[in-house]
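Report on the structure given below.
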Amino acid sequence: MNRARTRIPLRKRLLVRLLIASVLIAVCSVAATAWLAVTTTTRALREEQGQALADDMDILAQLSGYAAAHPDWTGVEATVRDLSARTGRRIALTTADRTPLADSAPRGTSLPPSAAATVDPLRTDTYSEPGAQLSGTDPRVVGPYRLTPLERTKLDAVARARQGCLSRYGIDTTVTHAPSGRPVVTATDSTTVSAYALDECGDGQLDTPAPTEEKALTALQGRAGGCLTRAGLDPDIPLTFTGLPGTSGRTPTMAPVFAKAVDGIDRPGDGKAALRAAQTCFETARRAQLDPYVAPVAELFLGVGDDGAAPRWVMSPANKAKVIGAAGLVLAVTVAVTAVVATRLVRPLRALTEAAQQPPDRHARVPVTTRDETGILAEAFNDLAERRERLEAQRKALVSDVAHELRSPLTNIRGWLEVTRDGLVEPDTELLGALHEEALLLQRVIDDLRDLADADAGTLRLHREPVPADDLLAQVTAAHRVAADTAGVRLRTETEGAPWLDADPVRLRQALGNLVTNAVRHTPPDGTVTLTARGDGERVVLEVADTGTGIAAEDLPHVFERFWRAEKSRSRRTGGSGLGLPIVRQLTVAHGGTAQAASTPGTGSVFTLRLPAATAPGDG
């Protein structure tokens, strides 16, 4: 044995290999940790910057809307402070010469070096409402185009009449109102409105300017007359009132366009040049017409709130030295520990190797001859083989289930994109809406899988606090009231006493919401879903009971399994993705509670959550 051992090359000895592997692992671990830290920090900073940009755009849009609806900035202080509290940003408004108008920071705080944006609702390209990008004017600026109460009443009556007419042709519509108060009848659920229905129900009244609008348009014509004359155009160029369809998905704007720019010009290109000149004249006149109704131009300054300057992620030399020292210490400790452990492992591993080298008919299971580390390793080897077979079966089932859930929406998206690419279908609003719904379905499945993955990995974060059970049930009921009313199901809440829970309110609403959604889906019309809360010693019992179809006794043990559905067809008309109840169980377990289900076929089901109780604030 000694001679055989000396003949083994040094590079092939197990101890040397373990040492080399340990060093490589340590180096890779340090490098991977540093890379992950940098990557995570960079991603967090980018997300923070993206959120800050979105907040900035929202602040600008909100203030532009305020300026569009008020002739001056009086009273804007409350809006500025509300936006500052919601976004955590310092917001300051000044005139062009930096005279303060409103500031969320204490008096005397210096302004940033430069303004972030100019708030001018008559010259904007940041507001995403239809019409702003084309005219440069915030569509919320109404001015003299605002309808009188009598005109609104008359047009509302016409809109309801058109809505009733379209409903007789099986077209569901809703009535919305433009900033000026003009009603717009809009088809819902991507319903296609036939030309015949529009001809039968269209009376032209919703597409015709009201007297107030006629007066404003006439004034606009007069304002633009001089400019049109100087441009060599007819000052009486006709205006048409656009953006006000009788049944449409567009939002009305008050911007006039021109049915005909100029007559009598035959040279190529002159018609377009004349149209551009006329549009410039009318846009200039319209800004002048709306100017008295909007607040003056203001400069918007944005800061980082009360926390000072934004942090700079720079590693100091001292920190670099600490990182290098820690890495060296990790390497040294790894080498030393590996040398000791490897020396002690070589001897028993040889015995295990001999057992594993037995003939095939004998080493299917490694014989366990001792109760020391080698015996434990042998038992673990045998258990591992058995678990591997079970996990392989579970993996195949999981892959099949996930593929089933994702195949349908992906197939739909791909099919529509291919026919659109080939020019067979126009990418209209209905098609984009359908693709959006399929994308949302994919997102919901992915979000559910992510929640389950976090729970399995133990990384699901809970923000616990005392939560009153009655408020929790009321919030969940309010969130699902519309869906329940649509399904004809009554939602009820019952609370015994005033129990409080020690829980994350957001995650707990998610769990109860999944139970309520499942109960409403399986409860026939005129049924009832009841949410109950009661104290039980150091626990609070939450129940969601329904009067639905119930669950068969053989199916009841499987309700909390992933992708399981009682309906074997796996149709979403009778069931969801199959992840709602597993998420309920995982969230309950993460809170230190339990989830149970009981059911009587034909009578209904009861899902019970037992969660830790909390002491009500003020009770000591």
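The values are calculated or read from the model by the stated rules, or taken from the named source; none is laboratory data. Not measured: the values here are computed from a predicted model. Note that each Cβ is placed from the backbone with ideal geometry, even for glycine, and that neighbours are counted across all protein chains shown. The area values use the complete protein model at the heavy-atom level, side chains included, leaving out ligands, DNA and RNA. Shrake-Rupley method; radii C 1.70, N 1.55, O 1.52, S 1.80 Å.
For the range 142-188, what does the accessible surface come to per residue with a 1.4 Å probe? Please give it in Å². Result: 46 Å² of accessible area for each residue. Taking all protein chains together and rolling a 1.4 Å probe, Trp500 ends up with roughly 60 Å² accessible.
Accessible surface for Thr486 stands near 120 Å², nearest 10, in the context of the full protein assembly shown (1.4 Å probe). Under the criterion of Cα pairs below 8 Å and six or more residues apart, the relative contact order for the range 147-227 equals 30 percent. Compute the FRET efficiency between Leu442 and Thr109 as 1/(1 + (r/R0)^6), taking r as their Cβ-Cβ distance and R0 = 41 Å, and round to the nearest 0.05. Efficiency at R0 = 41 Å is approximately 0.30. In the range 579-620, Cα pairs under 8 Å separated by at least six residues give a relative contact order of 32 percent.
Between Asn412 and Val330, the contour length at 0.36 nm per residue exceeds the Cα-Cα span by 24.3 nm. With the whole protein complex present, Leu417 retains an accessible surface near 100 Å², based on a 1.4 Å probe. Each residue of the range 81-98 is assigned a 3J(HN,Hα), and the resulting list reads 5, 5, 5, 5, 5, 6, 9, x, 9, 7, 10, 9, 10, 9, 6, 4, 8, 6 Hz, derived from the Karplus form 6.51 cos²θ - 1.76 cosθ + 1.60 (θ = phi - 60°), x at Gly and Pro.
Each residue of the range 175-182 is assigned a 3J(HN,Hα), and the resulting list reads 10, 10, 10, 6, x, 6, x, 6 Hz, derived from the Karplus form 6.51 cos²θ - 1.76 cosθ + 1.60 (θ = phi - 60°), x at Gly and Pro. Could you give the length gained by full extension between Val175 and Thr188, i.e. 0.36 nm per residue of separation minus their alpha carbon distance, to one decimal place? Working it through step by step, the gained length comes to 3.7 nm. Hey, how many Å between the Cα centroid of the range 168-184 and the Cα centroid of the range 484-550? Using only Cα atoms to place each centre, the spacing works out to 36 Å.
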